[in-house]
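*Asks:* One structure coming up, written as structure tokens, with questions to follow.
The values are calculated or read from the model by the stated rules, or taken from the named source; none is laboratory data. Bear in mind the structure is a predicted one, so any value in this text is a computation, not a measurement. FYI the Cβ positions are ideal-geometry reconstructions off the backbone, even for glycines, and counts take in every protein chain you see. The protein model used for the area step is the full one, side chains on, heavy atoms only, and it has no ligands, DNA or RNA in it. Shrake-Rupley method; radii C 1.70, N 1.55, O 1.52, S 1.80 Å.
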Amino acid sequence: MGKDSGIPKLDSIGLDAKQAMLAAIILSTDDTIISKTTKGIITSWNPAAGRMFGFTEEEAVGKHISLIIPEDRLGEETFIIGQVLNGQRVDHFETLRRAKDGRLIPISLTVSPIRNSQGEIIGASKIARDISVHKTAAEKQSVLAAIVDTSDDTIVSKTLDGIITSWNKAAVKMFGYTEAEAIGKHISLIIPPDRLDEEKFIIGEVRQGKKVDHFQTLRRAKNGELVPISLSVSPVIDADGKIIGASKIARDISAEQAAQQQTERLYVQLKELNTKKDEFIGLASHELKTPLTSITGYLQILAQRVTDEKHKMFLQKTQLQVSKLTSLVNDLLDVSKIEAGKLYFAQEDFNIRTVVESAIELIAHANSRHTITLDSSVSDCIVKGDPHRIEQVVINLLTNAIRYSPGKTQVEVYLTCDACEVRVGIKDFGMGIASEKLPHIFSRYYRVDEGSSGVSGLGIGLYLCSEIINRHNGKIWAESELNVGSTFWFSFPVGR
Ligand code: ADP
């Protein structure tokens, strides 16, 4: 152990009570205390040193201090010993030492000279403190600080009185004020005067420990420009849980706002175009209606005068086409009225059976191939609403039942009526509708399998039906199976 090689021995100094107490302190302290000669030979090694480095007193005493110094730090020892030989202390020297298991331990070293009774420097005492906890906290803090500093988001903190306490690089970029210009100033530096009240609200929330999230507002940059931002403000809480300030994260939303404004502009343009289209449809159908009315009138006059059978047949065909054209124009006119909110409804009591029968009669008259049967035990059922509009619905559904069941001959109509509700069903045995298309059929201009059914149309009939039934506070729906047939139902309250 080399105990005779000039190493000062504590017992040779002679222990009085005070020294015994000091020795006891050294033994029991949590700080690592080591002494060594000026040549670096370890002369004492307290239990805390054993715990820190893993070497026992026996393993360490007598060895050179390089036992615990990483190779790349051996130069430090020369410096430390140099200081000690000059009679100087080395204070809080932060470095790394190696434990027995190879682990590097971050420590803070304080090294003082040891003098003998003649005042000569005979060695050095080292007190080492493990600073890993300290270090990780400090490292964490510096990582966080780096994140804040390099963030693309503007991050600003302020006291509860609104005094700016931190200002990151993104804040400099966003508002044009340097860190030195902003820190210590009141946050009103960047708040437009007409928005100062917002600050009161935000601080009020923060004082209650609440966050303010995605608050969209405007702030003023140094050059006077207004910056649209989305603000998130959170309370800053100290170690005792006290709210001591607020941190703000601001995101420049000018690009988002520009995109939103563009979308809004497009939406307005689209709406304008849509209104123009509806107006055009309305106007065109109105203009078509006038000549159609006079054609219909003149055809009726002609019908009374024509005697030749062949001419009569031509006339009937013309009348049929004119009536199809008239109902198309009427439907278009109705659509434009719905869009303009000008589709008016009568409110009168009428017998639903009469209306259904009259619609059947009208359609049956124009279509000789299909037989339309009414299956109902209802004789009189008085309901409130617009009889012409309800008849229009039945006509529409019957027309579809016939058009979409080419090659078939049967259409069935059901009518039930109780104290609350009237229900009408129109069943065909035609092409049916695929289940995934069914939810869309009441939408405006929607047509199933455009063109492939071989039936032409505009896709507005069912839309009109659903509008009319909705205005009667009722429901309209369809049950259908592809290549089997469809049943269209509507119901509405009898009394409205
Ligand atoms: P249109 O018949 O003029 O196309 P509608 O609004 O009356 O417009 O009908 C919308 C679509 O619903 C039609 O294109 C058709 O594909 C489908 N449809 C309506 N009624 C029936 C039916 N009875 N059977 C099969 N398909 C139908």
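*Asks:* Given R₀ = 60 Å, what would the calculated FRET efficiency be for Thr29 paired with Val268, taking r from the Cβ atoms and rounding to 0.05? Could the numbers behind the result be given before it?
*Replies:* Details: r = 79 Å, r/R0 = 1.31.
My answer for the efficiency is 0.15.
*Asks:* Would you calculate the separation in nanometres between label points at Lys185 and Asp197, each defined as 7 Å from the Cα along the Cα-to-beta-carbon direction?
*Replies:* 2.5
*Asks:* ³J(HN,Hα) across the range 378-386 via Karplus (A = 6.51, B = -1.76, C = 1.60, θ = phi - 60°), whole Hz, x for Gly/Pro?
*Replies:* For the range 378-386, the Karplus curve yields 7, 9, 10, 9, 8, 10, 10, x, 10 Hz.
*Asks:* Ordering Leu196, Leu333 by accessible area with a probe of 1.4 Å, largest first, what comes out?
*Replies:* Leu196, Leu333
*Asks:* Same structure again: Run the numbers for Thr150 and Thr165: contour at 0.36 nm per residue of separation, minus the present Cα-Cα distance, in nm.
*Replies:* Contour length minus Cα-Cα distance gives 3.7 nm.
*Asks:* Another question, then. With +1 assigned to the C-beta of every Lys and Arg and -1 to the C-beta of every Asp and Glu, and no other charges, what is the dipole magnitude of the chain about the Cα centre in debye, to the nearest 20?
*Replies:* 500
*Asks:* Under a point spin-label approximation (7 Å from Cα along Cα-to-Cβ), what is the Glu309-Arg115 distance to one decimal in nm?
*Replies:* Modelled inter-label distance: 14.9 nm.
*Asks:* Name the longest site-free stretch of the chain, where the excluded sites are chymotrypsin sites (Phe, Trp or Tyr not before Pro) in a DSSP loop with no more than 10 other beta-carbon atoms within 10 Å.
*Replies:* 1-343
*Asks:* Rolling a 1.4 angstrom probe over the protein chains, ignoring ligands and nucleic acids, what is the accessible area of Thr95 in square angstrom, nearest 10?
*Replies:* Accessible area, nearest 10 Å²: 10 Å².
*Asks:* Please name which of Leu85, Gly75, Ala99 has its Cα lying farthest along the dipole of the range 63-138 towards the positive end, using unit charges on Cβ (Lys, Arg +1; Asp, Glu -1) and the Cα centre as origin.
*Replies:* Ala99
*Asks:* Note down the magnitude of the dipole of the range 273-362 about its Cα centre, charges +1 on Lys and Arg C-beta and -1 on Asp and Glu C-beta and zero elsewhere, to the nearest 20 debye. Working shown, then result.
*Replies:* Details: 11 positive and 12 negative charges, 76 e Å.
Computed about the Cα centre, the dipole is about 360 debye.
*Asks:* Next up: Give, in nm to one decimal, the length gained when the segment between Ala259 and Lys222 is fully stretched (0.36 nm per residue of separation minus the Cα-Cα distance).
*Replies:* Values: separation 37, 0.36 × 37 = 13.32 nm, distance 2.53 nm.
Result for the pair: 10.8 nm of gain on full extension.
*Asks:* Hey, can you grab everything whose amide H is under 5 Å from the amide H of Ile253? Only 5+ residues off in sequence or another chain; H modelled, so Pro and N-termini drop out.
*Replies:* The answer is Ile229, Ser230.
*Asks:* Can you give the translational diffusion coefficient of the chain in µm²/s, computed by Stokes-Einstein from the Kirkwood radius over Cα pairs at 37 °C and 0.692 mPa s?
*Replies:* 99
*Asks:* Subtract the Cα-Cα distance of Asp72 and Val133 from 0.36 nm times their separation in residues, and report this length gain in nm to one decimal.
*Replies:* Stretched out fully, the Asp72 to Val133 stretch lengthens by 19.6 nm.
*Asks:* Per DSSP H run of n ≥ 4, the term is -39500 (n - 2.57); total these for the chain, divide by its residue number, and report the mean residue ellipticity at 222 nm rounded to 500 deg cm²/dmol.
*Replies:* On the way: 14 runs with 207 residues, N = 496.
One gets -13500 deg cm²/dmol as the mean residue ellipticity at 222 nm.
*Asks:* Scan the chain and note any complete DSSP helix (H) whose C-alpha atoms cover at least 20 Å along its axis and whose Kyte-Doolittle average is -1.0 or more.
*Replies:* Those that pass (Cα extent of 20 Å or more, hydropathy at least -1.0) are 132-150, 254-305, 309-339, 352-366, 387-403.
*Asks:* If you don't mind, another one. Which lysines does Lys169 reach when only Cα atoms under 27 Å apart count, and residues fewer than 8 places away in its own chain are ignored?
*Replies:* The qualifying lysines are Lys135, Lys140, Lys158, Lys185, Lys200, Lys210, Lys211, Lys222, Lys248.
*Asks:* Quick check: convex hull of the Cα atoms in the range 258-340, volume per residue, rounded to a whole Å³? Can you show the working numbers first?
*Replies:* Working: hull volume 6.2 nm³, N = 83.
Per residue, the Cα convex hull of the range 258-340 comes to 75 Å³.
*Asks:* To the nearest 0.05, how large is the calculated FRET efficiency for Ser435 and Gln410 if R₀ is 35 Å and r is the Cβ-Cβ distance?
*Replies:* Taking R0 as 35 Å, the efficiency between Ser435 and Gln410 is 0.90.
*Asks:* Which FRET efficiency value, to the nearest 0.05, is calculated for Ala364 and Asn470 with the Förster distance at 30 angstrom and r the Cβ-Cβ distance?
*Replies:* 0.60
*Asks:* For Lys408, give me every one of the lysines with a C-alpha distance below 26 angstrom, ignoring sequence neighbours fewer than eight places off in its own chain.
*Replies:* Output for Lys408: Lys317, Lys324, Lys427, Lys437.
*Asks:* What number comes out for accessible area per residue over the range 395-469 if the probe is 1.4 Å? Units Å², please. Walk me through the numbers before you get to the answer.
*Replies:* On the way: 3310 Å² over 75 residues.
Spelled out: the 1.4 Å probe surface of the range 395-469, per residue, equals 44 Å².
*Asks:* Can you give the accessible area of Lys222 in Å² (nearest 10), computed on protein heavy atoms with a 1.4 Å probe?
*Replies:* Solvent-accessible area, nearest 10 Å²: 110 Å².
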